[in-house]
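Here's the structure we're looking at; comments come further down.
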Amino acid sequence: MSPMDSIGLVVLASLVGIVSSLMGVGGGFVIVPALAMIYGIDPRSAIGTSSLMIVFTAISSTVAYAMQRRIDYRIGPLMALGTVPSGILGAYATSLVKSRELAALFGIFEIAIALRMAIDSNEGARKRGPGGRWVWERVLVDSKGEVFRYRINLPPALAMSFF
């Protein structure tokens, strides 16, 4: 790897870390295609590399958000009930799928997420009517006194955390 490639990777990783921290996502939607298309890395290796990067991004973001008191400590661990087993299954599944098919699936997934974000914003979600007994009303007050009120419907939230 040339020195310019190394510098490019550091710049790319820094940008992905900033964007993913701002958006509350892992950053794989940027780093995986970049590693595959720009650096020619096999998509399976790019996904594995991205997964390692997410650990460090998550730790640093968690510390920053904890200092701002913007973490819902009741919902976070609950959502981990879905993400931990599915992460293990997903990592195993990459060994069963060819690189080309995996790249196509990843692209379809990114398009679906982009469409979902464009069609149904958070404002639309807030206007929905009352749920049922599985809907939690949550209130967080951050370190600056800003109040965040939201609801979470547990069954679909747990299903989405799994997928």
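Worth a mention:
- Relative contact order (percent, whole number), the stretch 1-95, Cα cutoff 8 Å, 6+ residue spacing: 20 percent
- For the chain, averaging the sequence separation of C-alpha pairs within contact (under 8 Å, six or more residues apart) and dividing by the residue count gives a relative contact order of 23 percent.
- Surface accessible to a 1.4 Å probe, per residue, for the residues of the chain, Å²: 71 Å²
- Mean ellipticity per residue at 222 nm, deg cm²/dmol - from DSSP H runs of n ≥ 4 across the chain, formula -39500 (n - 2.57): -23000 deg cm²/dmol
- Measuring between their Cα centroids, the stretch 130-163 and the stretch 7-85 lie 22 Å from each other.
- Electrostatic bookkeeping for GLU137 treats Lys and Arg as +1 and Asp and Glu as -1; over the other residues with beta carbon under 9 Å from its beta carbon, the sum is +3.
- Extension reserve of the ARG116-MET4 stretch, reckoned as 0.36 nm per residue once the Cα distance is removed: 36.7 nm
- Kyte-Doolittle mean at least 1.0 and Cα axial length at least 24 Å: DSSP H helices in the chain: 3-23, 43-67, 75-93, 99-119
- Think of the chain as a dipole: +1 on every Lys or Arg Cβ, -1 on every Asp or Glu Cβ, centred on the Cα centre; then among PRO155, GLN68, MET4, PRO155 lies furthest on the positive end.
- Net charge dipole size for the chain [Lys, Arg +1 and Asp, Glu -1 on Cβ; Debye, nearest 20]: 620 debye
- Net charge of neighbours whose Cβ lies under 10 Å from the Cβ of ILE152, counting Lys and Arg as +1 and Asp and Glu as -1: +1
The values are calculated or read from the model by the stated rules, or taken from the named source; none is laboratory data. The structure presented is a predicted model; accordingly, all values stated were derived computationally and were not measured. Quick reminder, even Gly has a Cβ in these numbers, built from the backbone with ideal geometry, and neighbours come from all protein chains shown. Note: accessible area is taken over every heavy atom of the protein model, side chains too, but ligands, DNA and RNA are not part of it. Shrake-Rupley method; radii C 1.70, N 1.55, O 1.52, S 1.80 Å.
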